[in-house]
Amino acid sequence: MAAAHPTETTTVDSRTALDAFFRVADAWGLSTDQQIVLLGAPARSTFFKWKKEGGLLPNDTIERISHLLNIYKCLEILLPEPSAADGWIKRPSRYWEGQSALEKMLRGRMADIIDVRRYLDASRGG
C-alpha cells in the first residue's frame, strides 16, 4: 500500500474531518461561500466534490478544520445552550472592533481562525 503524500491526509481521515466540518457549518448556518473561505478557498468544484464524495485534504485544510472544531467545542463548554453557542459566532464583539468572530475568520487567513480559537481558549481558562 502506497503512503499518502506528506502534505495530504488519508481518505478516511479526510472524510471524518469533512463530516465534522459540515455538521458545524450546518449548526452555524454557514453559506456555501462562507464554508469555502473557512476551508482555505478550494475551487468550488473541489468543495462540492469534498461535500459529495470526500477526497484527500491538504494539511492546511485539516488544520483549519481542527481549529474550527476546537472553536465549536469551546463554545459548547462556555455556552451550554446550543442556540447561544451557535449564535455567538455571528454576534458583534468589542474584542474584534465590532466584528463577529465569523467575520474575522472569513478574512480567509489561518491566523484569524487561530485568533478566535485562542480567545475562546483563554475565555475558558485554557
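Bear in mind these aren't lab numbers, they're just calculated from the coordinates by the rules spelled out. The shown structure was predicted, so the numbers you read here are calculated from the model rather than taken from an experiment. Positions of Cβ are generated from backbone atoms using ideal geometry, with glycine treated the same way; all protein chains shown enter the neighbour counts.
Computed per residue of the chain from DSSP H runs no shorter than four, each worth -39500 (n - 2.57), the mean residue ellipticity at 222 nm is -20000 deg cm²/dmol. For residue 22 and residue 66, the difference between the fully extended length at 0.36 nm per residue and the C-alpha to C-alpha distance is 14.6 nm.
One way to sum up the overall shape of the stretch 39-126 is the equivalent ellipsoid from its Cα gyration tensor, whose semi-axes run 25, 14, 13 Å, largest first. Straight Cα distances below 16 angstrom link residue 90 to the aspartates and glutamates 26, 33, 76, 81, 103, 112, 115, with same-chain residues fewer than 8 positions distant left out. Placing a label point 7 Å from the Cα of residue 52 along the Cα-to-Cβ line, the residues of the stretch 17-44 whose backbone N sits under 18 Å from it are 18-19, 22, 32-33, 36, 42-44. Based on Cα contacts under 8 Å between residues 6+ apart, the stretch 11-123 shows a relative contact order of 29 percent.
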